[in-house]
Each structure stands twice: as C-alpha cells, then as structure tokens.
6 protein chains.
Amino acid sequence: MKNIFVTRRERFNAAHQMWNPKWDEETNKEVFGKCANKNWHGHNYQLFVTVKGIVNEETGYCVDLKKVSKIINRYVIDELDHKNINLDVPFMKGKLASTENLTLSIWEQLENKIKDLGVQLHSVRLHETENNYVEYFGEQK
Amino acid sequence: MKNIFVTRRERFNAAHQMWNPKWDEETNKEVFGKCANKNWHGHNYQLFVTVKGIVNEETGYCVDLKKVSKIINRYVIDELDHKNINLDVPFMKGKLASTENLTLSIWEQLENKIKDLGVQLHSVRLHETENNYVEYFGEQK
Amino acid sequence: MKNIFVTRRERFNAAHQMWNPKWDEETNKEVFGKCANKNWHGHNYQLFVTVKGIVNEETGYCVDLKKVSKIINRYVIDELDHKNINLDVPFMKGKLASTENLTLSIWEQLENKIKDLGVQLHSVRLHETENNYVEYFGEQK
Amino acid sequence: MKNIFVTRRERFNAAHQMWNPKWDEETNKEVFGKCANKNWHGHNYQLFVTVKGIVNEETGYCVDLKKVSKIINRYVIDELDHKNINLDVPFMKGKLASTENLTLSIWEQLENKIKDLGVQLHSVRLHETENNYVEYFGEQK
Amino acid sequence: MKNIFVTRRERFNAAHQMWNPKWDEETNKEVFGKCANKNWHGHNYQLFVTVKGIVNEETGYCVDLKKVSKIINRYVIDELDHKNINLDVPFMKGKLASTENLTLSIWEQLENKIKDLGVQLHSVRLHETENNYVEYFGEQK
Amino acid sequence: MKNIFVTRRERFNAAHQMWNPKWDEETNKEVFGKCANKNWHGHNYQLFVTVKGIVNEETGYCVDLKKVSKIINRYVIDELDHKNINLDVPFMKGKLASTENLTLSIWEQLENKIKDLGVQLHSVRLHETENNYVEYFGEQK
C-alpha cells in the first residue's frame, strides 16, 4: 500500500492577544510579555494542511487539492482572515489564542471534512512568524 | 564619487484597521472591505531601510549597520512591535493606518537620525504581506 | 510632492519554448540550448507590478491594491495562467516567448488600465526562476 | 544507533498537462479544470530527497551529498528538466502526469541508486508551487 | 493525549573546513573537494529546534518559546555565531566539522536543558545552504 | 528606446573577518565587534547582477543569461566560493573584507566583461545575511 502525503498552504492575517482572564494584568504581562498588549497585535499566519491517502488511478491524484483548498477556506480561513482571534472566531471561544490552541482547533475544524474527501488528515502546521511554528498530527501519534 | 547603498531588514508584528472616522460604517466597509473589521486584524511587517553614502577607508563600511539597526529599533520597531497601529503609536496619531502612511511616517522617524550617522536615508520599503509592499524615496525623487 | 511606490505580486504557471521560426532546428538548439525543447517546458512565473502616485487623504491609499490586482488578473494572469505562452496568448502572438518580451507585453497590457486608476505604472518585474528576472520601467527611463 | 537524515534540494522546469486519455474532453475539463489545457502549462519544480544513515567516523558525513546530487541529476533532473512530463520522460510513460505519480516515479528511479551509496532513501518531497507539495516515504511507512 | 510539536528557528554565521587530520592533504582534497580549503570557508546556518509536549491549560503554550530561544542562544548560538567551528567551539573539539556532527552535538547541548522546561527535544534540523540540510531525532527513532 | 534590465543570481560560501591591520586588537574588537573574530567566520553570500540593454529581435533576449552566468562564475564565484575573502582572493588583496568593498570589487571584475556581451552593467547587489545587503550602481548614479 503506497501511502502518499499531499500538502496545501493557505494564509490568513489576524489580530490576537495572549491573556488569561483568571490572572491580573501584572501576571499576564509577566507570563506573556509584549504578547499581552491590551490593544492587540497581529500576524500573517501560514497554514500547511497535510492529508494522507493512496493515488487514484483515474486521476493520478491522492485528492483534488482544489477541494482541500475549498474546505480549508470555508471552515478555517474565512473564520480567521482579517479577524480578531480572541473576539471574532466561534471555534476559538473560551480558549487562549495561542498558536498551539489555534492549531488544535484547526485540526478539529478539518478532520471530518477531510475524511469526507476519502483521505485522512495527517498534520496541521501553523507558522506564526518566520521563526516560530506549531505542528499537530492527531492524538494517535 | 562611489555612492553605495546599504540595506537593513527589521521586522515587527502589529494589529491595525483601515477606518476613516469621517465616514459611516457602510462606507468604510465599502471602501476598505474586510480591512475595516472592527476588532482589528494584523500582520508580520517586514521593513527594509536603505541608506546611501561612500565607503569609509578605515572601516570598509559605508555605515555601521549595528548603529542603523539600533536607530530603527529605537525609533520605529519599539514603537510598532506587538502594538496596535491605530491606538498605540504616537507617530501615527490622526493618520489612517495604511502601509503608505506607515511608510511615510517611518521615513520621518528615521531621516534625521540616519543623517546623524553621516549617511543619507535613501528609501524605506515596507512589506505588509508576501504580495503587497510600499516604497518611499523622499520628496526629491 | 510625496511620490510613493506600491507593488503587487501575482503568479502564473505557464509552458513556453524559445524558438525562432526563421532558423533551422540546429541554430535554435545552438542559440537557445535546452530552452528550445520541441515539446515545451514551463515555469512558475512571479510578477511584481509597481505603481507610482501620491497618498489619497481620504483612504490613506496611493491606490486600492484590490483594484490593481483585479486589473492584473483580468489583463495578464487570466491570459497566461495554465497556458502555453507561444500558442495560447493573443498579446504574445508573433513574438519570441522570452521573459524580456513577456515583460514588455505585460507593460503594454497594463499601462493604460493602471492610468485609469489615477496612478502611473512604474515598473513590471517578472521572475522566471529563483535565479533569473527581468524588469522594465517604460521608455522614458 | 544514531540514525541521521540528510536532505538535498534539486530543481527542474517542466511542462505538463493533466489528461486521462480514457475520458472525453468534457470530463477531463470537469475533473482537471485549467490543468487540462491542451497546449500544456508548466512549473518550476523543487525536489527534496532525504536519505537516512549513520555518520561515517572518517568523513563526518552520513553520505557525500555531491554523490547524492550526481545521482539525482543523472536519473531524475536530466530526464525532467526543460522537458514535457507527458511526452518526453521514459519513466512517466503511460502514467498521468500528476505530482503524486511524479513523486512515486522519482522514488523508483532513486531507491536502488541511493542504496548503492550505503544509505537508505527516506523520503521524496516534490513542490509544484509555493502552495502545493507531495511527499512519499516508501511502502513500509 | 494530544502531543503537539513546537519549533523555533535561530541562526548563526560561522567558518569551517572539512579536514581529517589522519589523512594527507591529497586525500583530504580528494574526499572533501573545495570544502577542504586550508583557509576555511563559511556559511549562514539556520537551526530549527522542535520540542514535543502537551498544551498547558493556564498559558495555552506547549512551552514558552522565549525560554526555548534563550536556551538555544546560550548553549548553541553563542558558542557558534561568528566563530570557527573547527577551532573555537568546545563542544566540537576533536570532531570533524560536518553538518552531521554539528547537528548531533547541538542535540547533546540541548537535550537536558529542554527537558528542564518540561518538554521533550524532538528534532534538530540544521540547514547549511538552501540546498542541504541535516536532521536528527534522537537515538530511539 | 526600450531599455530593459535583466538580473542573474549566483551564490558563494566564504569565510572572512573584519580587521584593520593599522589598529590594535582592542580597537578592532571595539569597531567590528564579533566580526573581528581572529579565527574567522563566514556566510552564504547571494549575488544579484543586473545588466541593462535593449531586446535583440532575433533572440528575444536582452542578453544570453547563460553567458552572463559564465562570466560571473569565472571572474567572481570561482574566486570567492569556498575561499577566505581576506586571504585567498587576489582582487580583494589589501582591502578590508566588508560587503561594501566586496560589492565594489565585484563591479570592477564584471564591468568590462559584461560590456563585451553588448550590454551595460547596471548594478551589483550582494546579500551577506537575510537582514543585510549592499548595492552599487557605478559612479555616475
């Protein structure tokens, strides 16, 4: 069985803030530093979604990346692009707006939708800056 | 006279919003689209500052880039990084938070400080995304 | 007068071939090397379009980049993307499919349309590979 | 046992077309969209080949990358660069010219030749655009 | 258990030479080619350090990347940046200055320090040029 | 007259040191900081050479970039790649090994050779790191 991995990059620009509402301002500043700025800051996020499957003999494709792109845009990018991650994004409600939580939530948004295309979601990788990124491969890994 | 051009890149992550306070919400949405999101969005900005001068025979440098970097950080990056361009930045007060206005204001912040190093500010180039950037060369060009 | 320069990147993927129909195969191979391959080869082209203007006080923009992008897509990208530059592109008919000629033709496609936006086309830069690119600034430069 | 992974990047520029000869034109257009353009289109492909082995104490190398590069160039790049993947490439004969099939075929081209160097082929990653890439790790994974 | 992977990039510029002191000059030149240049050559190295852990509910972080960065800088970058890998770096003493050995040594420098942060070092990836990189995942993989 | 600008990128990896032999060690350390490390450090330099000319009607080229590349390799890259800029490079003898001086010397190496191809050398741009680069356009600018 020749498993093959196909990756699609999408991008979004969003504002956020690192802030734990259970803590006072001083503690938030101490833990999160300048990421706790009250008036927000923001990033050009880059998202890499990898799916795993076998090659379809009729199409030569593991999966049609146009369909993968459409799903990512509908369930992730449209929710995040030009938004405030702390305030505007239903699937981030009640969660700290870290790249880690964002990555886990994007996985949840995509897992079943990707399965409906006949392939398996393998990983979600999210770059916050050119120096920092987070990756999640699902619970079984 | 061998004029030579030296460029330093610095980066900052900031939130902003495109919004003209003289207009109602509908007009702002019409003109600025999703950039007018009330709860802000943000970017990883990349700033390229180019100075012009001749080579110093003692150092082989046109200018010490460590000093250029220090000036850019003190007068630009420290004011913008992990900030809200509309709310937190004194030198952007009363201006629309476009990349154009930001570029012009960064020029003003830097021009005299760079001159104090014995070289001339040649251009300020500011990248908002991988697809959009703005450049200013001063009024004489 | 504060002239400011704004740049938009767009991309297209196309096939082409370097071939002078006035020459025999041997001469074409000699001059163009492997670029003369009869069955074509191709590239991921990157196009950078720079316009020049002053900042509009109402919008903070030199020009609305969404409009610039729409013009580039309609008059350039839609004509070139997933096409054969030698066979499929009306504005390249009768011209050798070099990056130079492509750059000049893209300038012609865009010059008046950009002027209609109230700004001036300043340069067209076209990257064929990560090692090669061509730039045109109009005839007056 | 300290297994270490070493990766070499090579590049090639090629034309291709997505087309299933068993289908009529309408079906091909429906499934493959603009990738089915009759006159071809093309890409700057980037290929990343990763090998796995232990460090040789005499050389400090896992493998001499100059030798890896020579093999990739002889058995892959020379066959694909400035070529038409559908028409010119013996090891793609009879296969749909997708990035997936190309990745699997490149693995077959390289697997034994890499083994002759005393290391194991670990993965082949092929980037078609800055947004799409495919990866294969062999059948056992 | 949701394991998540977080990566930090750091950079250093260093000189080195490939040279086995047990061999004569001719053999060194034969094996290492121009990398054996007696007067050294150098690189802009890029280092990617990946750690593995679970998300802390209080912070939303797997680990505070500022702390990871501080460790990498203290135990790796400060030892290597603007240094000669063969002559100036205690942890490379007696080892051939290959990217492989450098990667293994960086792992040793970091493994326990990263563990002290409550997460596990997952991989060290070191890029020597845009075409070559080495990766190590520890002995158990 | 349609002047067009064509750019070729080449790369080299070299060691160097910032050191003014007229000064004592203390002054060198004070002025050049860690760049004055006695045992050298190094970089992956990226060189962009831009030529200016008109398009040849027979070839569609401003100039054959294969010939430009050959000249850059023969007169610049072969002299610098895997070398020590202070010790090994005849055209840098007696000059401080700054990016500025290197850029000026590369211009001198190339100017006449490029003219022999029927085009004019327009600029030499040399990147030392991803944050620093130097550009020279000749004396008349």
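The values are calculated or read from the model by the stated rules, or taken from the named source; none is laboratory data. This is a predicted model, so every value here is computed, not measured. When we count neighbours, we look across all protein chains shown, and the Cβ atoms used for this are built from the backbone with ideal geometry, even at glycine. Remember, those area values only see protein heavy atoms, side chains included, never the ligands or the DNA or RNA. Shrake-Rupley method; radii C 1.70, N 1.55, O 1.52, S 1.80 Å.
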In whole Hz, the Karplus estimates of ³J(HN,Hα) for the range B:99-110 (6.51, -1.76, 1.60; θ = phi - 60°; x where Gly or Pro) are 4, 4, 5, 5, 4, 4, 6, 5, 3, 4, 4, 9
Take the Cα atoms of the range E:11-70, build their convex hull, and give its volume per residue in Å³. 122 Å³
Answer check: the range E:3-136, Cα atoms, Kirkwood Rh, Rg/Rh ratio of 1.05
How high is the relative contact order of chain E, in percent, counting Cα pairs under 8 Å that sit 6 or more residues apart? 30 percent
When ligands, DNA and RNA are left out and all protein chains stay put, how many square angstrom of accessible area per residue does chain E have with a 1.4 Å probe? 43 Å²
Rg to Rh quotient for the range C:43-93, alpha carbon positions, Kirkwood Rh: 1.12
In order over the range B:24-30: 3J(HN,Hα) from phi, Karplus 6.51/-1.76/1.60, θ = phi - 60°, whole Hz, x for each Gly or Pro, gives 7, 4, 4, 5, 4, 5, 5
Accessible area buried, both sides summed, chains F and E with 1.4 Å probe, Å²: 2000 Å²
Could you state the orientation-averaged shadow area of the convex hull built on the Cα atoms of the protein assembly as shown, in nm² to one decimal? 36.4 nm²
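What is the mean number of Cβ atoms from other protein chains located within 10 Å of the Cβ atom of each residue in peptide E:59-69, rounded to a whole number?
Across E:59-69, the average partner-chain Cβ count within 10 Å equals 5.
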Counting partner chain Cβ atoms within 10 Å of every residue's Cβ in C:1-12, what's the average? 6
Can you show me the helix-derived [θ] at 222 nm for the protein assembly as shown, built from DSSP H runs with n ≥ 4 at -39,500 (n - 2.57) apiece and divided by the number of residues, rounded to the nearest 500. -7000 deg cm²/dmol
Tell me, which longest segment in chain C has none of the GluC sites (Glu not before Pro) that fall in DSSP loops with at most 13 further Cβ atoms within 10 Å? C:59-129
Heavy-atom accessible surface, probe 1.4 Å, ligands and DNA/RNA ignored: which residues of the range D:111-141 lose at least 20 Å² versus the isolated chain? D:THR129, D:GLU130, D:ASN131, D:ASN132, D:TYR133, D:VAL134, D:GLU135, D:TYR136, D:PHE137, D:GLU139, D:LYS141
Determine the distance separating the Cα centre of the range B:85-121 from the Cα centre of the range E:62-99; give it in Å without decimals. 37 Å
Across all directions of projection, what mean area in square nanometres is found for the Cα convex hull of the range E:67-141? 5.5 nm²
Hey, what do the phi angles of the range F:4-14 turn into as Karplus ³J(HN,Hα) couplings, whole Hz, using 6.51/-1.76/1.60 and θ = phi - 60°, x for Gly and Pro? 10, 10, 10, 10, 10, 9, 9, 10, 8, 10, 9
Using 23 Å as the Cα-Cα cut-off, could you pick out the over-long pairs in D:LYS70/E:LYS93; D:LYS52/E:LYS67; E:LYS70/E:LYS115; B:LYS29/C:LYS2? D:LYS70/E:LYS93; D:LYS52/E:LYS67; B:LYS29/C:LYS2
DSSP-assigned coil residues among trypsin sites (Lys or Arg not before Pro) in the range F:1-64, each with at most 13 further Cβ atoms within 10 Å: F:LYS22, F:LYS38
